[in-house]
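Below you'll find the structure, written out as structure tokens, and then a few comments.
No value in this document is a laboratory result; all are computed from the given coordinates. Computed from a predicted model, the values in this text were never measured in an experiment. Cβ: placed from backbone, ideal geometry, glycine included. Neighbour counts: every protein chain shown.
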């Protein structure tokens with residue numbers, strides 16, 4: 001076994017940051033490179049991302065969203081067209097200024113997001129109401145040169161995502177897409193990644209640069225920090241006016257189009273791994289596990305041949321679960337157990353001489369370490385049933401973790417106390433940028449997460465400025 005899989009040396013509850021780093025690196029999901037903030041997605045993590053992209057991609061295509069690809073490099077003149085957008089991204093943009101030994105006549109931005117390069121094309125393609133809607137997506141990488149401490153998957157300077165960019169003739173059509181897209185992301189995150197999040201609108205301060213409003217899905221990590229997941233942005237006519245994306249309507253009148261953008265990123269791999277993992281290592285939800293079962297034969301010289309034969313028969317029987325058979329004879333069974341626990345395979349099947357005598361195997365669940373003796377003749381049915389239970393249990397635990405961390409505060413002291421106790425706080429809020437800046441400063445990092453769609457009648461004033469509260473809003477300390 002490689003030195004990377006020697007086991008995790010800290011408890012998740014005592015040093016989350018170190019636990020997370022060890023779990024990611026020692027399980028061989030990712031590796032560091034010489035470029036700070038840019039990681040290697042090793043096969044174990046990339047396989048999970050491929051599954052997520054396949055699921056999302058199929059759902060997009062059923063909705064009529066088509067895939068495309070636009071250039072990585074964006075001329076500075078394009079990036080500067082939408083003022084609010086460029087101001088939002090300026091600190092994070094990486095620039096190409098030279099090619100070979102020659103200085104470029106114009107700086108080229110390495111794609112932080114593709115609105116500006118795509119919308120130049122949209123303005124050429126869209127001339128009539130008959131050209132709408134235009135609904136495109138691309139799967140690509142982007143670079144955002146954040147100067148905060150990089151963390152594998154959770155905060156990297158290069159990451160992978162989908163970029164959905166859609167164009168409609170009317171505001172109503174554009175906004176009607178919101179629930180469809182958020183529904184797709186919610187299905188994938190809940191039913192495949194087994195994660196429960198908070199869905200709502202971002203505050204005016206925290207919305208996407210250039211958007212009319214942003215809808216986000218927010219998650220809570222075990223260290224009490226919130227983190228944003230998939231999102232949807234309704235951009236109104238902000239970009240269409242900047243890029244002259246206009247068309248003649250049915251009455252031959254010129255109209256500016258309405259636009260949306262949306263994304264899910266590889267950050268969600270880190271969220272999933274952080275929430276489900278334990279002191280032994282990763283716990284991969286069965287629906288996203290490349291190998292759902294590992295078979296470990298317990299080998300002795302006098303029964304080795306028989307055990308290996310039956311183990312291979314079991315592997316064949318469980319083919320649809322893509323099982324691994326670990327028949328290495330230079331490692332002890334215990335060592336193998338720890339290695340596969342570290343890597344998060346949902347089910348372990350142990351087969352020794354005594355099990356063979358009873359025509360059984362010992363099934364061990366990765367999520368709760370429960371052991372169960374099952375007859376070999378029932379193995380396929382039992383494995384399938386157990387995988388379903390593991391998937392369900394992981395979601396229930398995630399939901400419980402989130403709900404137990406939600407509190408409501410109606411005065412400033414309770415608000416500050418809850419944030420310092422690593423809770424997500426629901427509080428009345430005026431939704432003013434300057435007030436949110438004060439909240440962030442006075443709570444040492446507390447900021448709005450999102451505003452739930454379902455709103456209570458607000459009786460109290462804003463939690464901080466005491467002016468009229470317009471919304472109940474979730475606050476937390478976040479990445």
Solvent-free Debye scattering, log10 I(q)/I(0), computed from the Cα coordinates of the chain at q = 0.11, 0.12 Å⁻¹: -0.98, -1.11
Estimated 222 nm signal from helices in the chain, with DSSP H stretches of n ≥ 4 weighted -39500 (n - 2.57), rounded to 500: -10500 deg cm²/dmol
Cubic angstrom per residue, convex hull over Cα atoms of the stretch 119-239: 138
Acute angle (nearest 10 degrees) that the helix 115-125 long axis makes with the longest principal axis of the chain, alpha-carbon atoms: 60
Prolate/oblate/rounded label for the stretch 63-184 (Cα gyration tensor, a/c 1.5): oblate
Linear extension gain, residue 40 paired with residue 62, 0.36 nm per residue minus alpha-carbon span: 4.7 nm
Ordering of 243-250, 451-458, 125-132 by burial proxy (mean other Cβ atoms within 10 Å per residue, highest first): 243-250, 125-132, 451-458
Highest-first arrangement of 411-420, 372-381, where packing means the average Cβ count within 10 Å: 411-420, 372-381
Between the stretch 159-193 and the stretch 372-390, the Cα center-to-center distance that results, in Å: 36
Rounded tilt (10° steps) of 16-26 against the dominant C-alpha axis of the chain: 60
10 Å-binned pair-distance histogram of the stretch 203-286 (Cα, whole percent): 15, 31, 23, 16, 10, 4, 1
Cα gyration tensor category, rounded, prolate or oblate, for the stretch 216-365 with a/c compared to 1.5: prolate
The stretch 264-327, relative contact order in percent, only Cα pairs under 8 angstrom and at least six apart counted: 33
With Cα atoms, 0 to 90° folded angle of helix 304-317 axis to the chain main axis: 40
Along each principal axis, Cα extent of the stretch 333-479, largest first, Å: 75, 31, 21
Cα shape, the stretch 2-97, gyration tensor, a/c 1.5 rule: oblate
Approximate shape of the stretch 413-474 as ellipsoid semi-axes (Cα gyration tensor, √5λ), whole Å, largest first: 17, 13, 11
